[in-house]
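Derivation of every value follows stated rules applied to the coordinates shown; laboratory data play no part. Model, not experiment: these values are computed from the prediction. Cβ placement follows ideal geometry from the backbone for every residue including glycine, while neighbour counts extend to all protein chains displayed.
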Amino acid sequence: MRTRPTNRRRRVDQIARRAAYDAYLTSGGWRARRHAWYAAWLTSHGTPPQCLVCDRVWCPRSGHLHHLTYIRIGREDDDDLVPLCARDHRQLHRVLARSAGWRHLSRRQASLGIIALLRRRGASQRDAS
Ligand SMILES: [Zn+2]
Ligand SMILES: [Zn+2]
């Protein structure tokens, strides 16, 4: 498939950004940020964080943090990040990537909307079983 140079340029930028982001997520900086986020949560809430979808208790070792925005990568505010278990984090990204409707919203709004949707879906599945 032929792409115009401007599109190719944009695609290269996207790939470079993605690579930098992936590198960040495996860095000591991100590990430290997760621990700092966890400590801040404990201080302000007094209870451990839970997955926003299924309420499973979140811990820094196995829990995931989803970015509600990418504008402060590397220097995130505490509320740029939301706690999810690995399974629900995967589900959230699957829905976010698949449905065009969510992309009209900001990443923050779309993420919170999908989390609410997954939460309702999980609740109805629990009621049915
Ligand atoms: Zn969960
Ligand atoms: Zn995420």
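Some notes on this structure:
- Theoretical ellipticity at 222 nm over the chain - DSSP helices of four or more residues, -39500 (n - 2.57) apiece, nearest 500: -19500 deg cm²/dmol
- Between amide H atoms placed 1.01 Å from N, distances below 5 Å from residue 68 occur with 81, 82, all of them 5 or more places distant or on a separate chain.
- Helix 107-128 and the long axis of the chain differ in direction by around 50°, with both axes built from C-alpha atoms.
- Listed peptides 115-126, 94-105 by packing density, highest first (mean Cβ within 10 Å): 115-126, 94-105
- Net length gained if the chain between residue 79 and residue 104 were fully extended (0.36 nm per residue, minus Cα distance): 6.8 nm
- Cα gyration tensor category, rounded, prolate or oblate, for the range 1-50 with a/c compared to 1.5: prolate
- Value in Å of the Kirkwood radius, where the chain supplies the Cα pairs that are averaged: 16.4 Å
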